[in-house]
Amino acid sequence: MNEASYLINTNKTIREAAIDLKISKSVLHRHMNINLKKLDYNTYLKVKNIFLEHNKIRHLKGGLATKAKYQKVR
């Protein structure tokens, strides 16, 4: 539940939150998708909506990261 409230309050990605919480991405993802669903369904839905928003914009972030990488080289 602490991990879920952290994600909801900060709106961070799984990768960013895992680094901050000092756990692996796969463990955090499993906690949010499987364990949280059993514990508190309403909180699970909030976290799921955050994950869906991040999935919608991930191609944009990846494109910006690639652009920044190649602009540094030149």
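Read the figures in this text as sums done on the coordinates, not as results from a lab. Since the model is a prediction, treat every value here as computed from it, not as a measurement. Using ideal geometry, Cβ is built from the backbone for each residue, glycine included, and neighbour counts are taken over all protein chains shown.
On the given criteria, is residue 61 out of contact with any strand residue (DSSP E or B) (no Cβ under 7 Å at 6 or more places or on another chain), among the charged types (D, E, K, R), surrounded by 11 or more Cβ atoms within 10 Å (Cβ to Cβ) and without any contact (Cβ under 8 Å) to a residue 24 or more places away in the chain?
yes
Counting only residues that are aliphatic (A, V, I, L, M) and assigned to a helix (DSSP H, G or I), which one in region 6-24 is surrounded by the most Cβ atoms within 10 Å (Cβ to Cβ)?
This residue is 7.
May I ask you to list pairs of residues, at least six apart or on different chains, whose Cβ atoms are under 7 Å apart, with the first in region 38-50 being of a type in the set (Asp, Glu) and the second being surrounded by fewer than 14 Cβ atoms within 10 Å (Cβ to Cβ) and in a helix (DSSP H, G or I)?
Qualifying pairs under 7 Å: none.
Restricting to region 35-48, count the residues that are assigned to a helix (DSSP H, G or I) and more than 15 Å from the chain's Cα centre (by Cα).
Looking only at region 35-48, we keep the residues that are assigned to a helix (DSSP H, G or I), and these are 35-39, 41-48.
If we keep only those that are more than 15 Å from the chain's Cα centre (by Cα) too, we end up with 35, 37-39, 41-42.
Count: 6.
Do you know which of the residues in region 25-44 that are of a type in the set (A, V, I, L, M) and exposed (fewer than 14 other Cβ atoms within 10 Å of the Cβ) is farthest from residue 61 (Cα to Cα)? Outline the logic, then answer.
Let us first name the residues in region 25-44 that are of a type in the set (A, V, I, L, M), namely 27-28, 32, 34, 36, 39.
Remaining after also requiring exposed (fewer than 14 other Cβ atoms within 10 Å of the Cβ): 27, 34, 39.
Working: 27: 23, 34: 27, 39: 32 Å.
Of everything passing the filter in region 25-44, 39 is farthest from residue 61 (Cα to Cα).
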